[in-house]
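No value in this document is a laboratory result; all are computed from the given coordinates. Just so it is clear, the model here is predicted, and its values are computed rather than measured. All Cβ positions, even for glycine, are placed from backbone atoms using ideal geometry, and neighbour counts span all protein chains on display.
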Amino acid sequence: MSIEPIDPKALRRSLGHFATGVAVVTTRDDDVDRGITVNSFTSLSLQPPLVLWCIARTSRSYSAFNRSDHFIINVLAADQVTVSNRFAFREGAEFPTDVPFKRALADIPLLDGSSANFQCRKTDVFDGGDHLAIVGEVIDFAGSDRPGLLYHRGQYAIADSHPSAVVEPSGDPSEGFLNSIVRPGLERITQRFEAHFENELRDAGLNPKESRVIGLLLTSDRLVAEQVANLTLVSGSSLNETLESLTKKQLIVENQAYYSLTPSGRTLAQGLSEILRSSEARTLGPIPPSEAEALQRMLERLSEWIRAASREVQ
């Protein structure tokens, strides 16, 4: 029986269903700082304390990490999407000057604000096909209560408690405003809204990531890939595939590394924007416009409060 060759892109999409954390691995090679964004980091052993991560042989930082004897795993926090993209899009280039750090093991940069970090001495490397698997002994480490940044199905995500692990709200305000009133209602509205809009996207021949990109370019024309990643939370190979797909559909065009909508892309994006507005109106139902506006202001303030609270968690 003949075995059909595996499509690497399809395999990557399927592997993307396994949610992972996001880390920046840093090292110092020939007195030059290096860093690379990865989601291949994992614990290997507790006794002795060993961790493992993988680097592509085609990576511009491959030689530096292959030569260096030490490295630091910086596990990124949920609010460090921009840091992740800095190292993902500028990997192998000059170390970003806008990412704060301090010197640690072997004078290697240890990034500020990470959820956890592991300072390691390289002990082994293994052939992993088109990747090199690097094993390190943990020399020192630190953790925090900051929630970690996740990567799932080609886009950034955050962790939350599973519904089965959360006590059902009774509506009693004494149980807390967010749990008893706001959170369950918002979740139901969001689910209804997303289910309706995904049907509209399928009719337009788009997936949610593609719609997010053309929606962004409708309001912020001429963006480089890193800016698109920061604002849509789609990154890595998934973003490359999305941009490639939209280019083939002649909905966007690249000019000197800047992406813009084509005329047909702008028409489609404007149509989807109208659908979004009508979907919002149907979702809100009979709420009077003045109350809907007040609700929007309240949710914006709530969102600002949540972002501020997340920054304060150390």
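In terms of its Cα atoms, segment 19-155 spans 34, 33, 32 Å along the principal axes, sorted from long to short. With neighbours defined as other Cβ atoms within 10 Å of a residue's Cβ, the residues Tyr259, Tyr62 order from fewest to most as Tyr62, Tyr259.
Full extension of the segment from Glu254 to Leu218, taken as 0.36 nm per residue of separation minus the current Cα-Cα distance, would add 11.5 nm. The label point for Arg153 and the one for Arg301, both projected 7 Å from the Cα toward the Cβ, are 3.4 nm apart. Of Asp31, Asp69, the sequence from fewest to most neighbouring Cβ atoms within 10 angstrom is Asp31, Asp69.
In terms of other Cβ atoms within 10 Å, Ile72, Ile287, Ile6, Ile275 run from fewest to most in the order Ile6, Ile287, Ile275, Ile72. Summing charges over neighbours of Asn39, with a neighbour being any other residue whose Cβ is under 13 Å away from its Cβ, gives +2 when K and R count +1 and D and E count -1. A straight chain from Thr267 to Arg202 at 0.36 nm per residue would run longer than the Cα-Cα distance by 21.7 nm.
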